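Engineer: Dropping the structure in here first, questions after.
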Amino acid sequence: MVQKLTTLKESPSQTAGPYIHIGATPNWVEITGVWEEDLGLVLVGPDTKGEQVIIKGRVFDGSGTPLKDALIEIWQADADGLYNSPEEKRGKADPNFVGWGRQPTDGITGEYRFETIKPGRVPYKDGRPMAPHITFWIVARGINIGLHTRLYFSDEEAANAQCPVLARIEHKHRVQTLIAIRGEENGLPTYTFDIHLQGEKETVFFDI
Amino acid sequence: MSDQGSFYQRDRNWHPAAFTPQYKTSVLRSPQYPLLSLDNTISEMTGPRFGHNKIGPLDNDLIRNFAKTGDPIGQRIIVYGRVLDENARPVPGALLEFWQANAGGRYRHKKETYLAAIDPNFGGCGRAITDEEGRYWFRTIKPGAYPWPNGVNDWRPAHIHFSVFGHAFAQRLITQMYFEGDPMIWQCPIVSTIPDKAGIEQLIAALDRNATLPMDSLAYKFDIVLRGRRSTMFENRMEGN
């Protein structure tokens, strides 16, 4: 026998279940009057720096059916590549940009939608710049532990080609699963980012 | 504050696997490719922080925060505990959100169709932020067990859902709390996605008679553990832990 380590084990994950909205977005499921506004709905205000964009898409299961009960959270840097977090040691982020958002997928269409800004570049561990990206975290009934992935931008080809994280994807055709496609809606740029949980087009998910 | 290292790798054999056929919905919602291992970058080592100003005075009181005509029906309980990291250090300023069914096992949700009655005085949501020692508490009623469409006769044990934000997005966690002594825990296809019995036991809150309010409420203790961080070497010193 040897001495025992004193570390604890992380609490095991359990599925968010079909009713996560009760806790995460109660007003969205008509539980009103408990708190005024659901957290994470608004990322951008009139004073936020950067290019305003719309991020939208759907989450598909292995049969190609969109999930209508998922919840998506995003976490991203500001326009200068700084995170609005006490753990950010490189400088002070834009105080008018929280960088965190949360949206349910629509109960009928399955579409999610964030109004945010395009983030700046953030350095990798060795100092090389990563391409602009948004971290996604997806939970739902049937997902036993939250899924982490990243959105990259289709109009950042040069930066994407040099991104040290994208370079780690062995099967190069799978890089495309992380690239959101630029479009336009009422004069605002949109990026469509569909997430495939399973199947030929399965999104690259990370163990971070 | 000194720089800290990246987070300890998640023990994927301690958490449920993605594909757990006894929980049928996981079959088509589980990725089949291996996850791409990524040592934390700044994008994962940072995370949103929520101030106490976001929290209203009744947010941690599920007995009162939706009540219209009186108190909800059910066993009055207090749930309390600490949020710690794997180094057994408290995590202050962590946002916890919780949601649950009412005493009859019915959720207040537009897609919920179980025949048990809605309680007009119970919403089923609450939240709290941990104090400097990582402590939280809230008051609620004990949720009921309920049947769910999986097998033809599967039931969930009484449980409360928890969503936890630590200090970094790498720590983001959703889990469920169960109640000491409930035999249904060991019959549940969702509980059994956790491979290790000790892992399941980590999610069972202990009845704490010392923390009860006499003639008022029972009490359950539920500690939550988030991922811990490595120390870093700065010159010749270990920093961060």
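Just so you know, all these numbers are worked out from the coordinates, no wet-lab data involved. Please read all numbers here as calculations on a predicted model, not as lab measurements. Cβ sites come from the backbone with ideal geometry, for glycine too, and all protein chains shown count toward neighbours.
Engineer: Largest first and to the nearest Å, give the Cα extent of the protein assembly as shown along each principal axis.
Structural biologist: 66, 56, 45
Engineer: Using +1 at the C-beta of Lys and Arg and -1 at the C-beta of Asp and Glu, which of B:222, B:69, A:60 has the Cα lying farthest in the positive direction of the dipole of the protein assembly as shown?
Structural biologist: B:222
Engineer: Between residue B:52 and residue B:19, take the C-beta separation as r, use R0 = 51 Å, and let me know the FRET efficiency to the nearest 0.05.
Structural biologist: Rounded to the nearest 0.05, the efficiency is 0.80.
Engineer: A follow-up question, please. Pairs B:68/B:111; A:49/A:89; A:49/A:92; A:9/A:56; B:110/B:142: which exceed 25 Å Cα-Cα?
Structural biologist: The answer is A:9/A:56.
Engineer: For an R0 of 51 angstrom, estimate the FRET efficiency from the Cβ-Cβ distance between residue A:90 and residue B:152 and round to the nearest 0.05.
Structural biologist: Given R0 = 51 Å and the Cβ-Cβ separation, E is 0.35.
Engineer: Something else: Amide H of residue B:9: which non-local residues (sequence gap of 5 or more, or other chain) have their own amide H closer than 5 Å, using H built in the peptide plane?
Structural biologist: Result for residue B:9 returns nothing.
Engineer: With springs connecting C-alpha atoms under 10 Å apart, model chain A as a Gaussian network and identify which of A:119, A:164, A:104 has the largest mean-square fluctuation.
Structural biologist: A:164
Engineer: Quantify how strongly other chains surround peptide A:23-36 by giving the mean number of their Cβ atoms within 10 Å of each of its Cβ atoms.
Structural biologist: Across A:23-36, the average partner-chain Cβ count within 10 Å equals 6.
Engineer: R0 = 25 Å: FRET efficiency of residue A:172 with residue B:32, Cβ-based, nearest 0.05?
Structural biologist: 0.85
Engineer: Please turn the phi angles of the stretch B:155-161 into ³J(HN,Hα) values with the Karplus equation 6.51 cos²θ - 1.76 cosθ + 1.60 (θ = phi - 60°), one per residue in order, whole Hz, x for glycine and proline.
Structural biologist: 10, 7, x, 3, 7, 10, 7
Engineer: I need the phi-derived Karplus couplings for the stretch B:61-77: 6.51 cos²θ - 1.76 cosθ + 1.60, θ = phi - 60°, integer Hz, Gly and Pro marked x.
Structural biologist: Karplus values, whole Hz, x for Gly and Pro: 10, 6, 6, 10, 6, 10, 4, 10, 10, x, 6, x, 6, x, 6, 6, 9.
Engineer: List every residue whose amide H lies under 5 Å from the amide H of residue A:180, counting only residues 5 or more places away in sequence or on a different chain, with H placed 1.01 Å from N in the peptide plane.
Structural biologist: A:152, A:153, A:154
Engineer: In addition: Going by amide H atoms built from the backbone, whose H comes under 5 Å of the H on residue B:89, apart from near neighbours?
Structural biologist: Amide H to amide H, under 5 Å and 5 or more residues apart or across chains, residue B:89 pairs with nothing.
Engineer: To continue, here is another question. Just report the Cα centroid separation between the stretch A:133-208 and the stretch B:102-133, whole Å.
Structural biologist: Cα centroid of the stretch A:133-208 versus Cα centroid of the stretch B:102-133: 34 Å apart.
Engineer: At what distance in angstrom do the alpha carbon centres of the stretch A:55-122 and the stretch B:36-75 lie from each other?
Structural biologist: So the separation of the two Cα centres works out to 19 Å.
Engineer: Name the residue, out of A:28, A:75, A:100, whose mean-square fluctuation peaks in a Gaussian network model built on chain A with Cα pairs under 10 Å.
Structural biologist: A:28
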